[in-house]
Amino acid sequence: MKYRYLIFLLFILLCSQSMGQTAIRQLSLQEVIAMAQEQSTEAKQVETSRENSYWQWRSFKSSYLPQLSLAGTLPDFSRTITPVTQPDGTIAFQPVSINSSDVGVSLSQVISPTGGRVFVTSLMQRFDDFDRDQTRYNGNPAIIGLEQPLFAYNALAWTKRIEPLKYEESQKQFTENKEQLAVKATDLYFDLLLAQVNKSIAAKNLANNDTLYQVADEKYKLGRFSKNDLLQLRLAVLNADLALAQAKLDEQTAQLALKNFLGIKENEPLALLVPQNVPETGIVAELALAEARKNRKESISFKRRLLEAESQVAKAKGDNGLNASLFATFGLTDRGESFTDIYNQPDNQQRARIGFTMPLLDWGRQRSITKAAQLNQQLVEYTINQEQTNFEQAVITQVNQYNTLKNRIATTAEADVIAAERYEITRSTFLIGRISITDLNIALAEKDQARRAYIASLSAFWEAYYQLRALTLFDFQQQQAISYKD
């Protein structure tokens, strides 16, 4: 019974200790990037922007489909005294109590190649005179009409060429935004990782310096260690303690920034893993450039902007010359005292109208507007050529940076191992009194610098890697274009 009681108390003690400890969440770089692209606030903004582009595209497509509408006035009642001209020319004020109602159904379809519109309409009107107890009907059972601009700028045709490019551009932009989230997540990831490494370095340095100080203090009491070196070791302990406090603060700041970006509300601390697997293959600039031209939105954007500039030239020419419009209708119409009278034997109804405007004297206004649009088109062409050159240069520069940083990782990794081993050897040698404290401090500084340099090289490499993915929208590990499915 005594042993069972002791085991029970030990179990309770272990449980209470484990409950008192805060769980630490370990995350890799790929996990952080996945969280950034799925649950961060910026990811939701990117998704909303894509949905907005989709519904704009749907709105554009629907405008070229048949449109059915119903319009009317039910009722339009009026009771008033109205001046009425008599046969002898005098004015008599007569009370009037009337109601007028109308309703119509219209089906229309735009003609994008010509910029016109065809429509079919059916109208019905009813008039009630309450003072004379009369009801009259007037209607058009069917009217077929055409509205057609002549020699004018055709906005429908140009929009039909430009809007599909805008939508395709928005889809490319969505993928680019997703990849830019990976770049930002990588930057914040390594900010926190470096802060955690600095905290680990500071904690180890404090422990090592404190141990060295304790050993040196014992040697000093035995007369085998100088006062100056002892004070220098004590100063190193104090500096290490300050460095650890600053490193903890830096870690808290970096951790808060990463959590806010990822949308993590829990208070559990994050422990980031040092990325180990680095892509082995290098990247050829020609491949990256070809994929960037094919996958990025720039190629579509350049084409769209050229079309928009060309459209403005066409608009300037079309709006400033001879403008004419054709309006024609053919249908049936009738009137009667009852609703059915409209449909018994309706009469034909025709209407045709051609209107035109043509400037005769505008003091060079038409020529100026057209010339300005042409010069703007030329400026857009020059600007696009320069932007295309800059874009290609950015891709090639990023490829060179990626390859250089990839080769640097192996060097900094080896330097990190060597510096850590050299410090341990120097520390052991110092403890037996064969080297000075200056040599120990140099080895310590080189060890810390080598560790930070290794983490910094990893940070620069992975940021360059994801930046290159964003520039090309190409996964060089899977050798395929990047695509995010719904």
(request) Return a yes/no flag: does segment 361-370 have any residue that is open to solvent by 50 Å² or more (accessible area, probe 1.4 Å), within 30 Å of LYS294 (Cβ to Cβ) and modelled with pLDDT of 90 or more. (result) no
(request) Could you grab me the full set of residues in segment 273-286 that are part of a loop (DSSP other than H, G, I, E, B) and either under 30 Å from VAL197 (Cβ atoms) or open to solvent by less than 50 Å² (accessible area, probe 1.4 Å) (or both)? (result) LEU273, VAL274, PRO275, GLN276, ASN277, VAL278, PRO279, GLU280, THR281, GLY282, ILE283
(request) Would you mind telling me which numbered condition in (1) farther than 30 Å from SER108 by Cα; (2) modelled with pLDDT under 90 ASP76 fails? (result) (1)
(request) Determine which single condition PHE174 fails, assuming it passes every other condition in (1) aromatic (Phe, Trp, Tyr); (2) under 21 Å from MET35 (Cα atoms); (3) surrounded by fewer than 17 Cβ atoms within 10 Å (Cβ to Cβ). (result) (3)
(message) Please pick out the residue among VAL120, VAL105, VAL110 that is in contact with a strand residue (DSSP E or B) (Cβ under 8 Å, 6 or more places away or on another chain), among the hydrophobic types (A, V, I, L, M, F, W, C), modelled with pLDDT of 90 or more and under 22 Å from GLY336 (Cβ atoms).
(response) VAL105
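Rundown of residues vs (1) at pLDDT 90 or above; (2) more than 30 Å from GLN56 (Cα to Cα); (3) part of a helix (DSSP H, G or I); (4) among the aliphatic types (A, V, I, L, M), yes/no style:
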position	(1), (2), (3), (4)
SER170	yes, no, yes, no
LEU194	yes, yes, yes, yes
LEU212	no, yes, yes, yes
ALA216	no, yes, yes, yes
ALA247	yes, yes, yes, yes
GLU268	no, yes, no, no
(request) Could you please let me know if LEU238 is more than 23 Å from TYR167 (Cα to Cα), in a helix (DSSP H, G or I), of a type outside the set (Gly, Ala, Ser) and touching a residue at least 40 places away in the same chain (Cβ under 8 Å)? (result) no
(request) Collect the residues in segment 319-367 that are in a helix (DSSP H, G or I) and either more than 20 Å from PHE127 (Cα to Cα) or in contact (Cβ under 8 Å) with a residue 40 or more places away in the chain (or both), keeping them in residue-number order. (result) ASP319, ASP341, ILE342, TYR343, ARG365, GLN366, ARG367
(message) Condition (residue is open to solvent by less than 70 Å² (accessible area, probe 1.4 Å) and within 30 Å of ILE300 (Cα to Cα)) applied to segment 406-427: is it met by at least one residue?
(response) no
(request) Have a look at GLN388, GLN378 and point out the one that is without any contact (Cβ under 8 Å) to a residue 60 or more places away in the chain, under 30 Å from GLU291 (Cα atoms), assigned to a helix (DSSP H, G or I) and not acidic (Asp, Glu). (result) GLN378
(message) Looking only at segment 218-235, count every residue that is touching a helix residue (DSSP H, G or I) at 6+ places or on another chain (Cβ under 7 Å) and not in a helix (DSSP H, G or I) and tell me the total.
(response) 1
(request) Could you please find all residues in segment 287-340 being surrounded by 17 or more Cβ atoms within 10 Å (Cβ to Cβ), in contact with a strand residue (DSSP E or B) (Cβ under 8 Å, 6 or more places away or on another chain) and under 20 Å from THR114 (Cβ atoms)? (result) ASN323, THR329
(message) For segment 184-222, give me each residue that is β-branched (Val, Ile, Thr) and open to solvent by 20 Å² or more (accessible area, probe 1.4 Å).
(response) THR211, VAL215
(request) Tell me, please, whether a residue that is open to solvent by less than 50 Å² (accessible area, probe 1.4 Å), among the hydroxyl-bearing types (Ser, Thr, Tyr) and in contact with an Asp or Glu (Cβ under 9 Å, 6 or more places away or on another chain) can be found in segment 128-141. (result) yes
(request) Would you be able to tell me the number of residues in segment 434-448 that are in a loop (DSSP other than H, G, I, E, B) and open to solvent by 60 Å² or more (accessible area, probe 1.4 Å)? (result) 1
(request) Output the residue which, of all residues in segment 35-61 that are under 16 Å from LEU188 (Cβ atoms) and not hydroxyl-bearing (Ser, Thr, Tyr), is surrounded by the most Cβ atoms within 10 Å (Cβ to Cβ). (result) ALA36
(message) Criterion first (of a type outside the set (A, V, I, L, M), open to solvent by less than 60 Å² (accessible area, probe 1.4 Å) and within 57 Å of the chain's Cα centre (by Cα)) does PHE119 satisfy it?
(response) yes
(request) Please give the number of the condition ALA157 fails out of (1) part of a strand (DSSP E or B); (2) in contact (Cβ under 8 Å) with a residue 12 or more places away in the chain; (3) out of contact with any helix residue (DSSP H, G or I) (no Cβ under 7 Å at 6 or more places or on another chain). (result) (1)
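The values are calculated or read from the model by the stated rules, or taken from the named source; none is laboratory data. Note that this is a predicted model, so its numbers are computed, not measured. Neighbour counts run over all protein chains shown; Cβ positions are idealised from the backbone, glycine included. Heavy atoms of the whole protein, side chains included, go into the accessibility calculation; ligands, DNA and RNA do not. Shrake-Rupley method; radii C 1.70, N 1.55, O 1.52, S 1.80 Å.
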